[in-house]
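Everything below concerns the one structure shown next.
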Amino acid sequence: MTPTLTTEDRKETQKKSVLPQTLLVEDEEISRVITRMFLKGICDVDFAENGEVGYEMAKKKKYDIIFMDIGLGRGMNGMQTSQKIKQLDQYKNTPIVALTAYAMKGDREEFLSNGCSHYISRPVDKHKLIQLVQDILSQL
């Protein structure tokens with residue numbers, strides 16, 4: 001007897017995404033909403049509101065790309081969080097994208113030498129973000 005899928009089974013199957021799994025570590029709600037809108041249909045996005053939560057989420061689930069706010073407020077900042085995540089075996093080669101308003105001369109280089117593999121300054125341009133994600137995914 002061949003099993004049949006119920007409507008609920010189909011809905012559950014559709015929920016299970018084949019999209020790349022991404023983690024956004026961001027303390028600002030509006031930035032989380034905007035980033036999710038930009039990446040809708042391109043990536044599944046999980047959120048962490050601070051570095052500690054982001055680190056714990058990364059330990060429990062393997063993400064294809066991590067987007068990291070650098071100025072996270074209280075607790076670990078984005079660079080500290082990126083460095084800690086990079087120490088996990090499954091994340092040694094995972095792209096971490098710095099999303100930050102820090103755009104002074106030397107900031108980009110500092111982030112890239114301290115755990116981040118890519119950098120986008122704020123305000124984030126939707127097309128640049130999508131292009132970067134596509135470039136990263138083409139290399140995975």
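The values are calculated or read from the model by the stated rules, or taken from the named source; none is laboratory data. Computed from a predicted structure; not experimentally measured. Cβ: placed from backbone, ideal geometry, glycine included. Neighbour counts: every protein chain shown.
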- Query: Listed residues Tyr119, Tyr102, Tyr91; which is of a type in the set (Phe, Trp, Tyr), over 16 Å from Leu24 (Cβ atoms) and touching a residue at least 12 places away in the same chain (Cβ under 8 Å)?
  - Reply: Tyr102
- Query: So which residues in the stretch 119-136 are more than 20 Å from Tyr102 (Cα to Cα) and modelled with pLDDT under 95?
  - Reply: none
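Considering every residue within the stretch 119-136, establish whether at least one is aromatic (Phe, Trp, Tyr), within 15 Å of Met68 (Cβ to Cβ) and out of contact with any helix residue (DSSP H, G or I) (no Cβ under 6 Å at 6 or more places or on another chain).
The answer is no; no qualifying residue exists.
Restricting to strands (runs of 3 or more DSSP E) lying wholly in the stretch 31-135: which have 1 or more residues that are touching a Gly at 6+ places or on another chain (Cβ under 9 Å) and buried (at least 18 other Cβ atoms within 10 Å of the Cβ)? Steps first, answer last, please.
On the way: elements: 44-48, 65-69, 96-100, 118-121.
In the stretch 31-135, the matching strands (runs of 3 or more DSSP E) lie at 44-48, 65-69, 96-100.
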- Message: Criterion first (touching a residue at least 60 places away in the same chain (Cβ under 8 Å) and touching a helix residue (DSSP H, G or I) at 6+ places or on another chain (Cβ under 6 Å)) does Lys84 satisfy it?
- Response: no
